[in-house]
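Structure record follows, encoded as C-alpha cells.
Derivation of every value follows stated rules applied to the coordinates shown; laboratory data play no part. Quick caveat, the model's predicted, so the values are computed rather than measured. So basically every Cβ, Gly included, is an ideal-geometry build from the backbone, and we count neighbours across all protein chains shown.
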Amino acid sequence: MPIRSIFSRTLFSNKVAIVTGGATGIGEAIASELLYLGCNVMIASRKEDNLRAAAEKMTKNPDLTGKVLTTKCNVRKEDEVENLMKNTIAKFGKIDYLVNNGGGQFLSPAQNITAKGWNAVVETNLTGTFYLCKSAYLNWMQEHGGVIVNMVSDMWKGYCYMAHSSAARAGIDNLTKVLSLEWAESGVRVCAIAPGTVYSPTAAANYGDDKIFDRALALQPTGRLGELSEISAAVCFLLSPGASFVTGETLKVDGAQSLYKNCIEIPKHDNFPVWSWDDAPKSKL
Ligand SMILES: NC(=O)c1ccc[n+]([C@@H]2O[C@H](COP(=O)([O-])OP(=O)(O)OC[C@H]3O[C@@H](n4cnc5c(N)ncnc54)[C@H](OP(=O)(O)O)[C@@H]3O)[C@@H](O)[C@H]2O)c1
C-alpha cells in the first residue's frame, strides 16, 4: 500500500518521534505517516527481526522522507525504556513526540486469568506506558516540552474477556489526564487514542482467533472496520500544532463502536437474584 496523508508533507520536518510497536500493524502505519511528513522516527519493540525488516522497508520507500532507526525495547523493563530515550537523544538529538502504541492482550474469561497473565498485560500496557512517559519527560520533555499520545481501546463499557486489558487501558486513560495536568507547566501535551476494531494481520495472529474481527464487524454501526491509516491520521493530528489546545483528552476513533453493543454476547440465563420483600428483616417498631 502506498503511504499517503492529508497533512502537509513538511508538517513534521526536523521533528523526532518515538513509536513503540512501530514495526507492525497500527504502529507501523503511524511510523510510516510520520516519516512521510518529514519526521525522524525511532521505532522500538522486543523483536529485532521485525524492527529491522520494517526499517528496511521504510528506508527503501522514496516517499518517506524522514529517517527511521530502531531500538530493541521491552516496555515492561524500565532500564530498556531508559536506554530507548538515551539512544534516541544520542542518534537524533531530541524527542519531540512519544507514541505509546506498543501493547497487547489475550482473550480470557476473567476467572481464568492467572496472576502471571494479569501482571503481563497490566505491566505491558499500563506500567510500560508509565515508564515511557516518565522517562521521556525526565530525559527531554520536562525541559523542552513535547507531545505524548497513548493508546487505549474500546474499554468504555467494560470489554468481556479483556478484564486485564480493559483495567489497564482505563488506567492509561486516567494516567493521560493526570500527566496532562502535572506536565502542562513544562509545555507537554498528553493525549490518547481509543481505536475501535482495526484489522491488522499481526493482531489477528496474536489473538489466534481469526473470527474476532468478523464478530466485531457484525456489531459495528459503520458496517466496516477501521483502517490502520485512520488511526495514524488521528495520531498525527494530536501530535500536530492543530491540536495545540488539546491535552488530557482521549480521542475515540471507533466509528461509534463504543456507543453500541459489547463484542461478546452474554448467554441467556435466569440466574440473577431478585430482591424479595419476604427476606427483609422485620422492623421491631
Ligand atoms: N487492532 C485493533 O483493533 C486495536 C484496537 C484497540 C487497541 N489496539 C492497540 O493498539 C496497539 C497496536 O495494535 P495492533 O493492532 O497494531 O497489533 P500488533 O501489530 O500486534 O502491535 C502490537 C505491537 O506492540 C509491540 N509490543 C507488544 N508487547 C511489547 C512490549 N512488552 N514491549 C515493546 N513492544 C511491545 C509488538 O512488537 P514486539 O512483539 O516486537 O514487541 C507489536 O509491534 C496495541 O496496543 C493494541 O492493543 C488495537
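Specify the residue that is nearest to Ile148 (Cα to Cα); the eligible residues are those in segment 247-285 that are crowded, with 16+ Cβ neighbours inside 10 Å and aliphatic (A, V, I, L, M). For segment 247-285, the residue satisfying everything is Leu251.
Every condition in (1) of a type outside the set (A, V, I, L, M); (2) part of a helix (DSSP H, G or I); (3) within 10 Å of the ligand (Cβ to nearest atom) holds for Gly103 except the one numbered (2).
So which residues in segment 126-165 are surrounded by fewer than 23 Cβ atoms within 10 Å (Cβ to Cβ), among the small types (Gly, Ala, Ser) and either within 12 Å of the ligand (Cβ to nearest atom) or under 16 Å from the mean Cα position of the chain (by Cα) (or both), if there are any at all? Residues satisfying the conditions do not exist here.
Of everything listed in (1) out of contact with any Cys (no Cβ under 6 Å at 6 or more places or on another chain); (2) within 11 Å of the ligand (Cβ to nearest atom), the single unmet condition for Ala216 is (1). None of Asp96, Asp49, Asp79, Asp63 is touching a Lys or Arg at 6+ places or on another chain (Cβ under 6 Å) and acidic (Asp, Glu) except Asp96. Using the structure shown, decide if Lys116 is among the basic types (Lys, Arg), away from the ligand (no atom under 12 Å from the Cβ) and closer than 29 Å to Phe7 by Cα. In short, no. Within the set Leu51, Leu69, the sole residue that is more than 29 Å from Tyr161 (Cβ to Cβ), surrounded by 15 or more Cβ atoms within 10 Å (Cβ to Cβ) and more than 9 Å from the ligand (Cβ to nearest atom) turns out to be Leu69.
Checking the condition within 11 Å of the ligand (Cβ to nearest atom), in contact (Cβ under 8 Å) with a residue 12 or more places away in the chain, assigned to a helix (DSSP H, G or I) and buried (at least 16 other Cβ atoms within 10 Å of the Cβ), which residue from Glu82, Glu123 passes?
Being within 11 Å of the ligand (Cβ to nearest atom), in contact (Cβ under 8 Å) with a residue 12 or more places away in the chain, assigned to a helix (DSSP H, G or I) and buried (at least 16 other Cβ atoms within 10 Å of the Cβ) holds for just one of Glu82, Glu123, which is Glu123.
Restricting to helices (runs of 4 or more DSSP H) lying wholly in segment 200-271: which have 2 or more residues that are of a type outside the set (Ser, Thr, Tyr) and farther than 22 Å from Tyr36 by Cα? If you could, list the steps in order and put the result at the bottom.
On the way: elements: 201-207, 212-218, 228-239.
Ranges flagged: 201-207, 212-218.
Per-residue answers, yes or no, for (1) in contact with a strand residue (DSSP E or B) (Cβ under 6 Å, 6 or more places away or on another chain); (2) over 21 Å from Ala23 (Cα atoms):
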position	(1), (2)
Leu84	yes, no
Ile89	no, no
Gly93	no, yes
Gln111	no, yes
Thr114	no, yes
Gly117	no, yes
Val122	no, yes
Thr129	yes, no
Ile148	yes, no
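Scanning segment 189-213 for residues that are crowded, with 18+ Cβ neighbours inside 10 Å, touching a residue at least 60 places away in the same chain (Cβ under 8 Å) and away from the ligand (no atom under 11 Å from the Cβ) yields one hit, Cys191.
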